[in-house]
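Peer 1: Structure in structure tokens, see below.
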Amino acid sequence: MSDSHLRVGHVSKTFRVGKEPLQALQGVDLTVASAEFVTIVGASGCGKSTLLRIIAGLETRFDGEVRHDGRPIEGPSLDRGIVFQEPRLFPWLTVEQNVALGLENAPLDAAAKRRVTAEHIALVGLAGFEKAYPRQLSGGMAQRVAIARSLVNRPGVLLLDEPFGALDAMTRAHLQEELQRIWKHERITAVLVTHDVDEAVLLGDRVVVMAPRPGRIAEIFHVTAPRPRDRKDPELLRLRNAVLDALEATQRGAPNLSAPTRLEPQQRPRERASGVPLAARSV
Ligand SMILES: Nc1ncnc2c1ncn2[C@@H]1O[C@H](COP(=O)(O)OP(=O)(O)OP(=O)(O)O)[C@@H](O)[C@H]1O
Ligand SMILES: [Mg+2]
């Protein structure tokens, strides 16, 4: 497989709202290694989706540069799959037709397209539902179809914008496991935006904490816990607290604006007492 590293170099993005400029991103620098899993958390409006859309090539007017595998990103590419919070399936197409849409321009004959489509439906655990329509699927199943569609071209990069945000806790936990399995199996480079700090820590090799107004990177945490990960791993729990602290600092308007820091395990902030049940906390 080709090298699929991403390089976001000093990216700034200003929108115009009426006559007022609105700086959505300021000086964002981030390199994502090939086959790395990076998660991004941050307050609403801090530019997470804007950053993901720029990496996807859906947003092309910005300052700075973004490269995939060394080449500038100038528009959408089949080599970068994207999954949104809602599955965005075509209601009049079956599961297999929705997934096969991703192969429309692929240089494959009809039999190969059918085989690849079936493989990806099986990969997300939906074998047997090929002929079902979206209205016949649960929310989690529909989201799995969207993931299969984004993977069917075997992209080097998978971009996910709150993909499990609309799902119940059990389905979400199940799909987090599925996503880890697929990511490992396909050796894909993944960037996932989430409001769920537990999810960010569970899935990420690194967790990027963004700060708002203007959107920028406040801190980067490395997650060294071995995979497959156990949600109850004390290291993950400690790290979750550290990420929450960093997020709270950005909300208080006292962001840690130092260069992205690497926290070695022994340097990690100690778990601190909190009156708020951590499981109920997200941003
Ligand atoms: N097309 C647009 N036109 C004008 N402003 C925009 C546009 N898209 C985003 N913005 C602004 O840019 C900022 C960042 O938006 P973005 O959607 O990237 O935030 P986000 O971090 O993804 O938030 P959320 O967590 O709520 O999804 C916001 O202030 C938003 O209002
Ligand atoms: Mg968003």
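Bear in mind that the values in this text are calculations on the coordinates, not laboratory data. Because the structure is predicted, anything quoted here is derived from the model rather than measured. Using ideal geometry, Cβ is built from the backbone for each residue, glycine included, and neighbour counts are taken over all protein chains shown.
Peer 1: If a residue must be basic (Lys, Arg) and within 16 Å of ligand 1 (Cβ to nearest atom), how many such residues does the range 201-235 contain?
Peer 2: Going through the range 201-235 one residue at a time, the tally reaches 2.
Peer 1: Moving on. Starting from the range 140-160, keep only residues that are touching a residue at least 24 places away in the same chain (Cβ under 8 Å), then list their pairs with residues that are of a type in the set (Phe, Trp, Tyr) and part of a helix (DSSP H, G or I) whose Cβ atoms are within a distance under 9 Å, requiring at least 6 positions of separation or different chains.
Peer 2: From the range 140-160, the pairs are LEU158/TRP183.
Peer 1: If we keep just the residues of the range 59-77 that are crowded, with 16+ Cβ neighbours inside 10 Å and out of contact with any strand residue (DSSP E or B) (no Cβ under 6 Å at 6 or more places or on another chain), which is farthest from GLY27 (Cα to Cα)?
Peer 2: Taking the candidates together, the pick is SER77.
Peer 1: Within 16 Å of ligand 1 (Cβ to nearest atom) and either surrounded by fewer than 23 Cβ atoms within 10 Å (Cβ to Cβ) or within 22 Å of ARG80 (Cβ to Cβ) (or both): is that true of LEU137 in this structure?
Peer 2: Answer is no for this residue.
Peer 1: If you take the residues in the range 1-27 that are of a type in the set (Val, Ile, Thr) and within 11 Å of ligand 1 (Cβ to nearest atom), which one is nearest to ALA56 (Cα to Cα)?
Peer 2: Only one residue tops the list, namely THR14.
Peer 1: Looking only at the range 49-70, which residues are within 15 Å of ligand 1 (Cβ to nearest atom) and basic (Lys, Arg)?
Peer 2: ARG53, ARG61
Peer 1: Let me ask something else about it. Can you work out which of the residues in the range 188-204 that are in a strand (DSSP E or B) and within 16 Å of ligand 2 (Cβ to nearest atom) is nearest to the chain's Cα centre (by Cα)?
Peer 2: Filtering first and then ranking leaves LEU192.
Peer 1: Being within 16 Å of PRO163 (Cβ to Cβ) and either touching a Pro at 6+ places or on another chain (Cβ under 7 Å) or within 13 Å of ligand 2 (Cβ to nearest atom) (or both) is the filter here, so list the residues in the range 38-50 that pass it.
Peer 2: ILE40, VAL41, LYS48, SER49 - these are the residues of the range 38-50 that are within 16 Å of PRO163 (Cβ to Cβ) and either touching a Pro at 6+ places or on another chain (Cβ under 7 Å) or within 13 Å of ligand 2 (Cβ to nearest atom) (or both).
Peer 1: Say whether the condition of being within 16 Å of ligand 2 (Cβ to nearest atom) and farther than 25 Å from LEU244 by Cβ is met by at least one residue in the range 25-37.
Peer 2: no
Peer 1: For the range 63-86, name all the residues that are more than 16 Å from ligand 2 (Cβ to nearest atom) and assigned to a loop (DSSP other than H, G, I, E, B).
Peer 2: ASP69, GLY70, ILE73, GLU74, GLY75, PRO76, SER77, LEU78, ASP79
Peer 1: State all residues of the range 51-61 that are within 16 Å of ligand 2 (Cβ to nearest atom), part of a loop (DSSP other than H, G, I, E, B) and under 18 Å from LEU22 (Cα atoms); if no residue qualifies, say none.
Peer 2: GLU59
Peer 1: Just to verify a result, which residue in the range 29-48, among those that are buried (at least 20 other Cβ atoms within 10 Å of the Cβ) and within 11 Å of ligand 1 (Cβ to nearest atom), is nearest to the chain's Cα centre (by Cα)?
Peer 2: ILE40
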